[in-house]
1. Cβ-Cβ below 9 Å, separation at least six or inter-chain, first residue in the stretch 16-29 and of a type in the set (Ser, Thr, Tyr), second surrounded by fewer than 20 Cβ atoms within 10 Å (Cβ to Cβ): which pairs?
2. Which condition number in (1) among the hydroxyl-bearing types (Ser, Thr, Tyr); (2) within 16 Å of the ligand (Cβ to nearest atom); (3) within 22 Å of Arg238 (Cβ to Cβ) is the one that Tyr319 fails?
3. For the stretch 650-657, state whether one or more residues are charged (D, E, K, R), modelled with pLDDT of 95 or more, within 33 Å of the chain's Cα centre (by Cα) and assigned by TED's automatic domain parsing to the domain that holds Ile492.
4. Just checking, does the stretch 39-49 include any residue being over 31 Å from the mean Cα position of the chain (by Cα) and of a type in the set (A, V, I, L, M)?
5. Could you list, in sequence order, all residues of the stretch 486-509 that are open to solvent by 10 Å² or more (accessible area, probe 1.4 Å) and among the β-branched types (Val, Ile, Thr)?
6. Consider Arg635 against the criteria (1) part of a helix (DSSP H, G or I); (2) open to solvent by less than 60 Å² (accessible area, probe 1.4 Å); (3) closer than 18 Å to Tyr607 by Cα: it satisfies all of them except one. Which criterion is unmet?
7. Confirm whether Ala335 is open to solvent by 10 Å² or more (accessible area, probe 1.4 Å), within 16 Å of the ligand (Cβ to nearest atom), more than 20 Å from the chain's Cα centre (by Cα) and small (Gly, Ala, Ser).
8. I'd like the residue in the stretch 138-154 that is modelled with pLDDT of 95 or more and more than 14 Å from the chain's Cα centre (by Cα) and, out of all such residues, is nearest to Glu106 (Cα to Cα).
Amino acid sequence: DAWLRYAALPCDARKAASIPAGIVALNGTETSPVYTAGQELHKGILGILHKDLAVTSTPTNGSSITIGTVNAFTSTGGALPELDLKDDGFWLSIKNDSVQIVGQNERGALYGTFQYLSMLAQGNFTEVAYESNPSAPIRWVNQWDNMDDTGTHGSIERGYAGPSIFFAEGLIVEDLTRVSQYARLMASIGLNGIIVNNVNANVNLLNSTNMAGLGRIADAMRPWGVRMGISLNFDSPRTLGKLTTADPLDEGVIQWWGDIATDLHNHVPDFAGVLVKANSESQPGPLTYNRTLADGANLFARAIKPHGDAIVMFRAFVYDNKINQTNWKADRANAAVDFFRDLDGKFDDNVVVQIKYGPIDFQVREPVSPLFGHLEQTGSVIELQVTQEYLGQQCHLVYLPPLWKTILNFDMKVDNKPSLVRDIVSGERFNQKLAGYAAVVNVGTNTSWLGSHLAMSNFYAYGRLAWEPTSDDVSILEDWTRLTFGSDRTIIDTITKMSMESWPAHENYTGNLGIQSLTDITGPHYGPKPQSQDGNGWGQWTRADATSIGMDRTVWNGTGYSGQYPPEVAAMYEDVETTPDDLLLWFHHVPYTQKLKSGKTVIQHFYDAHYDGAAVAQTFPKQWEAVKGLIDDERYDEVAFRLEYQAGHALVWRDAINNFYFNMSSIKDEQDRVGNH
Ligand code: GCU
């Protein structure tokens, strides 16, 4: 149940609580979100307040909680104030004997219901009346689940919580109970869409048995207002359809995808759309056929267009993964803008471009992807990662919203006008109808969903921020903690303190000053391996040698990357003096003895930060002890085990990185902690 436990409030609070006497769920057939909302409310109130309220579908004159769409309210004579609701938005009015939960659509009514339940579960009985709208229309999760043709269970790329809940033995699993529970969690935080299979897509997902299976997945998620989509493999017409080409302009190929779209629509009438990874990391794509990426995206856009409002999410993660470091000007970070800059305006109107938050790959610190400043005629979706691929793979506590908010609050200053990333991905800045959020979540069959109890705060916060990116990251965390572990102040304070310390600490003991996560780039992306950072074809480089370190991404002497930002931002990053310390080595190649704004040298900062970060991680097990006895032993022990591990692993990180750069630079640590003693 994650944060939807509906644990009983203490006896006194239950007795004092006064809520209406019944539940009315208007306009709900059994698979509709309003019907679901009525059932969920019944279940929640039974758990939280021990009250067994009857659920009906016709309005009463008596005291009730009424849920429905604006249309259902007005057509049954309900009085509503003037509302300005967007798609999926809701109106929530709580008074002693009457609660109104009104959605602009059915999904909105369900979201309002979850909001009401969240208040009750936290013991909050205040009277309120407000409307709430999502910041952006697209609020999706991406699963990187494989179908695993031969194994018994679908594995998950960069998944750390066991096998897939969707796939096994090349097929869609029979029992989809867990899938519908996942949709419930998503709905409770306002998420409305999911891509169920890996971006490195298996063509067999499109065979006839699996098409029917996709229909079953969509059926399981629909009552929760979650629409299903899939990742496509560009080469499917050749590999599955046995055509001789997958050229996006070939008539046979166009016909083939058209037929697939019709089939998909027949099985999934409210199909959400497709996600496409093309010409990236050896995946096929339109460039293989000398066509543009826009030709590739529009191929799918036109295939799905006749069948409703499905969309194409075309990933901007296109780059050459065999580049050569001997070329000083080579830079993977340039790739997205180089590939997409001239395509703005060339995509059909049902295409959005899905852009990872930084130009490389979910590092502990990256500047915002400059591509967000280039697409004015095409909607942008920001891609975040809940699964902690580079950030400790759920074995380390890293609360991610502070990182995400740093990105979302960044001002690109396009055309010298305020251009916050969050306003670009809401569609507001460039007036886009389609825009929003996608996060790689990768839940698995582990009963904790993500393999770690505390990692679930990231999933919860992702939904909350996609709904309202200005929300405060500490309040979100406190809500999550109360819902997950209860309202005891010690629990809330302990989890808040550790969580808010966790990203800075992780950055300190892994890779600071914008050098990236100094992990094993060519292997599992886990644990320290600074030596893998150079000489690889992936283009994740530090250019460290005996005297200096960092990527020169300036226009005047480097890869030219800083020039991809709008002029004001570009000027800031071009100059070593105005580049913030935390991104210094991302943009500049400097001697280890270069002074930072703090007055420390780069190398001394490395040494100190690694000691500081690891020292913070050392405090986590002790901090956690404060909640012993306040939460159940099972979850207490599981978290304690991971925090203990993290504390140890942080020391491994600290010493591996510090020794590596000591050996490389031969510069002594001022405090004499590093090196052979
Ligand atoms: C990263 C990740 C891959 C993934 C890729 C992507 O490189 O390590 O597992 O396939 O990103 O986002 O497409």
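1. So the pair list comes out as Ser18/Asn96; Ser18/Asp97; Ser18/Phe125.
2. Among (1) among the hydroxyl-bearing types (Ser, Thr, Tyr); (2) within 16 Å of the ligand (Cβ to nearest atom); (3) within 22 Å of Arg238 (Cβ to Cβ), the lone unmet condition for Tyr319 is (3).
3. Yes, the stretch 650-657 contains at least one residue that is charged (D, E, K, R), modelled with pLDDT of 95 or more, within 33 Å of the chain's Cα centre (by Cα) and assigned by TED's automatic domain parsing to the domain that holds Ile492.
4. Taking every residue of the stretch 39-49 in turn, at least one turns out to be over 31 Å from the mean Cα position of the chain (by Cα) and of a type in the set (A, V, I, L, M).
5. Thr490, Thr494, Thr496
6. Evaluating Arg635 over (1) part of a helix (DSSP H, G or I); (2) open to solvent by less than 60 Å² (accessible area, probe 1.4 Å); (3) closer than 18 Å to Tyr607 by Cα leaves (3) as the failure.
7. For Ala335, the condition - open to solvent by 10 Å² or more (accessible area, probe 1.4 Å), within 16 Å of the ligand (Cβ to nearest atom), more than 20 Å from the chain's Cα centre (by Cα) and small (Gly, Ala, Ser) - is met.
8. Asp145
The values are calculated or read from the model by the stated rules, or taken from the named source; none is laboratory data. This one's a predicted model, so the numbers in the text were calculated from it and none came from an experiment. Cβ atoms come from the backbone with ideal geometry, glycine included; neighbour counts cover every protein chain shown. SASA here: full protein model, heavy atoms, side chains in, ligands and nucleic acids out. Shrake-Rupley method; radii C 1.70, N 1.55, O 1.52, S 1.80 Å.
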